[in-house]
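Below is one structure; the comments refer to it alone.
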Amino acid sequence: MPQLDKATAAYIGLAIGDALGATVEFLTPNEIRDQHGVHRDITGGGWLRLKAGQVTDDTTMSLALGEAILSSGGIDAKAAASAFDAWMRAKPVDIGNTVRRNLIHFRKTGNPEALASEHDAGNGAAMRALPVALACYGQPPEKAIFASRAQAHVTHHNVLSDAACETLLFMVQDFLDGRDAGAVQRDRAAVLVEKHPVFAYDKKRCDNPSGYVVETMQAVLQACFDTSSFEDCLIDVVNRGGDADTTGAIAGMLAGARYGLEGIPKRWLRALDDTTRRQCEEQAAKLLKLALSHTPIAPASR
């Protein structure tokens, strides 16, 4: 089934982009050139001092969300919040400030929906859009949007974050369907910019992107649409520096869905942590199976 190949590649691509980008996270492009030339191999290190092939919160939060979806049989906000809380209690290698603050809010109140805030336009919900994209594959768009917001609002209740998450979700699904990049760019990226002009990505190269979801999306969309292979896409985006593990993870997710497993360089597959790779493969298959079973999306808890 071509969708399974692409779904698996998207999940492995997310992890590879995360592991590749973590080495150069928070460096500027000039610092990357000075230290690495062109950063193109999964070597570990970076400010987190990771082992080669080890991933960060981008991948581990996605896997936690995926397990919550599979356990509850759908997208349930409280199940997602509980899974994220358990993930945080396990002391992950990294955690974003907005994620931490709103999970502490959930822990205190039991409410899985963070308060709406214009200040929470980080990329922490967008980085974990993939499990929802797979679980909602083939569902009506309005249900996919509902599900996307159910998970996103646990930590990021923000209009720009929502727009990014939903755009990424539908881009992944489009690539699973085999749509070409030009159509995806026209129907998804262009519509995002039309609705929210702040996301415009065709005016200036976005180097050193921060955790602000707008800059994340600008860097990812530029890398996605200005390259023609999985490898070139990821090398382009992580060498921009900044929040490189997250831009790498999101770009890897899209590139995996676009190019499939054959497009992923073998050296990167070999370098990725074995346990992480196996978890990504298994979860991709299970989430897609859930979607194709036509199980209705569970309502978000309130």
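The values are calculated or read from the model by the stated rules, or taken from the named source; none is laboratory data. Please read all numbers here as calculations on a predicted model, not as lab measurements. Cβ sites come from the backbone with ideal geometry, for glycine too, and all protein chains shown count toward neighbours.
Among the residues in the range 195-209, are any among the β-branched types (Val, Ile, Thr), more than 29 Å from residue 38 (Cβ to Cβ) and out of contact with any Lys or Arg (no Cβ under 8 Å at 6 or more places or on another chain)? Walk me through how you get there before you give the answer.
Filtering the range 195-209 down to residues among the β-branched types (Val, Ile, Thr) leaves 198.
From what is left, the residues that are more than 29 Å from residue 38 (Cβ to Cβ) are 198.
Now drop any that are not out of contact with any Lys or Arg (no Cβ under 8 Å at 6 or more places or on another chain), which leaves 198.
Yes, the conditions are met somewhere in the range 195-209.
If I filter the range 199-248 down to residues being farther than 18 Å from residue 58 by Cβ and of a type in the set (Gly, Ala, Ser), which single residue comes out as surrounded by the fewest Cβ atoms within 10 Å (Cβ to Cβ)?
Checking each candidate, the answer is 228.
Could you please find all residues in the range 31-64 being in a loop (DSSP other than H, G, I, E, B) and among the charged types (D, E, K, R)?
Taking the range 31-64 and keeping what is in a loop (DSSP other than H, G, I, E, B), we get 37-44, 46-49, 51-56.
Selection gives 40, 41, 49, 51.
Only one residue in 144, 163, 181 is among the small types (Gly, Ala, Ser) and either farther than 27 Å from residue 106 by Cβ or crowded, with 24+ Cβ neighbours inside 10 Å (or both), so which one is that?
Numbers: 144 fails: either farther than 27 Å from residue 106 by Cβ or crowded, with 24+ Cβ neighbours inside 10 Å (or both); 163 fails: either farther than 27 Å from residue 106 by Cβ or crowded, with 24+ Cβ neighbours inside 10 Å (or both).
Result of the check over 144, 163, 181: 181.
Which one is modelled with the highest pLDDT among residues in the range 282-302 that are of a type in the set (Gly, Ala, Ser) and crowded, with 20+ Cβ neighbours inside 10 Å? So that I can check it myself, show each step before the final result.
Kept after step one, since they are of a type in the set (Gly, Ala, Ser), are these residues of the range 282-302: 284-285, 291, 293, 298, 300-301.
Filter again for crowded, with 20+ Cβ neighbours inside 10 Å, leaving 284, 291, 300.
On the way: 284: 98, 291: 94, 300: 44.
Step by step, filter the range 282-302, then rank; the result is 284.
Quick one: would you say residue 232 is closer than 17 Å to residue 181 by Cα and out of contact with any helix residue (DSSP H, G or I) (no Cβ under 6 Å at 6 or more places or on another chain)? Before the answer, list the steps.
Working: closer than 17 Å to residue 181 by Cα: yes; out of contact with any helix residue (DSSP H, G or I) (no Cβ under 6 Å at 6 or more places or on another chain): yes.
So residue 232 passes the test.
Can you confirm whether the range 89-97 contains a residue that is small (Gly, Ala, Ser), under 29 Å from residue 270 (Cα atoms) and modelled with pLDDT of 95 or more?
Initially, the range 89-97 is screened for residues small (Gly, Ala, Ser), giving 90, 96.
With under 29 Å from residue 270 (Cα atoms) added as a condition, the list becomes 90, 96.
Next, from what is left, pick out any that are modelled with pLDDT of 95 or more: 90.
Checking the range 89-97: at least one residue is small (Gly, Ala, Ser), under 29 Å from residue 270 (Cα atoms) and modelled with pLDDT of 95 or more.
Is there any pair linking a residue in the range 40-61 that is in contact (Cβ under 8 Å) with a residue 60 or more places away in the chain and closer than 15 Å to residue 91 by Cβ to one that is surrounded by fewer than 19 Cβ atoms within 10 Å (Cβ to Cβ) and small (Gly, Ala, Ser), with Cβ under 7 Å and at least six apart or on different chains, and which?
From the range 40-61, the pairs are 54/44.
In the range 67-119, which residues are within 21 Å of residue 144 (Cα to Cα), of a type in the set (A, V, I, L, M, F, W, C) and not in a loop (DSSP other than H, G, I, E, B)?
Residues satisfying the conditions are 68, 69, 70, 77, 79, 80, 81, 83, 84.
Can you name every residue in the range 151-187 that is of a type in the set (Val, Ile, Thr) and under 24 Å from residue 4 (Cβ atoms)? Break it down stepwise before answering.
At the first step, the residues of the range 151-187 found to be of a type in the set (Val, Ile, Thr) are 154-155, 159, 167, 172, 184.
If the condition is that a residue be of a type in the set (Val, Ile, Thr) and under 24 Å from residue 4 (Cβ atoms), then 167, 172, 184 are the ones that fit.
Only residues that are of a type in the set (Val, Ile, Thr) and more than 16 Å from the chain's Cα centre (by Cα): list them for the range 146-182, please.
The initial filter retains those residues of the range 146-182 that are of a type in the set (Val, Ile, Thr), namely 154-155, 159, 167, 172.
Of everything in the range 146-182, just one residue is of a type in the set (Val, Ile, Thr) and more than 16 Å from the chain's Cα centre (by Cα), namely 159.
Any idea which residue in the range 185-198 is surrounded by the most Cβ atoms within 10 Å (Cβ to Cβ), counting only those that are in contact with a helix residue (DSSP H, G or I) (Cβ under 6 Å, 6 or more places away or on another chain) and touching a residue at least 24 places away in the same chain (Cβ under 8 Å)?
The first filter runs over the range 185-198 and keeps only residues in contact with a helix residue (DSSP H, G or I) (Cβ under 6 Å, 6 or more places away or on another chain), leaving 185, 188-189, 192-193, 196, 198.
From what is left, the residues that are touching a residue at least 24 places away in the same chain (Cβ under 8 Å) are 185, 189, 192, 196, 198.
On the way: 185: 16, 189: 21, 192: 23, 196: 17, 198: 14.
Here the answer is 192.
Quick one: in the range 249-281, of everything that is touching a Gly at 6+ places or on another chain (Cβ under 7 Å) and small (Gly, Ala, Ser), which residue is surrounded by the most Cβ atoms within 10 Å (Cβ to Cβ)?
Only one residue tops the list, namely 249.
Any chance you could count how many residues in the range 120-139 are in a helix (DSSP H, G or I) and modelled with pLDDT under 95?
Of all residues in the range 120-139, those in a helix (DSSP H, G or I) come to 126-128, 130-135.
Narrowing the set further to residues that are modelled with pLDDT under 95 leaves none.
So the count comes out to 0.
Condition (residue is touching an Asp or Glu at 6+ places or on another chain (Cβ under 6 Å), closer than 26 Å to residue 81 by Cβ, at pLDDT 95 or above and among the aliphatic types (A, V, I, L, M)) applied to the range 10-24: is it met by at least one residue?
Just the residues of the range 10-24 that are touching an Asp or Glu at 6+ places or on another chain (Cβ under 6 Å), to begin with: 18, 21-22.
Restricting the remaining residues to those that are closer than 26 Å to residue 81 by Cβ gives 18, 22.
With at pLDDT 95 or above added as a condition, the list becomes 18, 22.
Narrowing the set further to residues that are among the aliphatic types (A, V, I, L, M) leaves 22.
Checked against the condition, which is being touching an Asp or Glu at 6+ places or on another chain (Cβ under 6 Å), closer than 26 Å to residue 81 by Cβ, at pLDDT 95 or above and among the aliphatic types (A, V, I, L, M), the range 10-24 yields at least one hit.
Please work out if residue 263 is touching a helix residue (DSSP H, G or I) at 6+ places or on another chain (Cβ under 7 Å) and either under 21 Å from residue 51 (Cβ atoms) or among the aromatic types (Phe, Trp, Tyr) (or both). Give the steps one after another, and end with the answer.
On the way: touching a helix residue (DSSP H, G or I) at 6+ places or on another chain (Cβ under 7 Å): yes; either under 21 Å from residue 51 (Cβ atoms) or among the aromatic types (Phe, Trp, Tyr) (or both): no.
Here the answer is no, as residue 263 does not meet what is asked.
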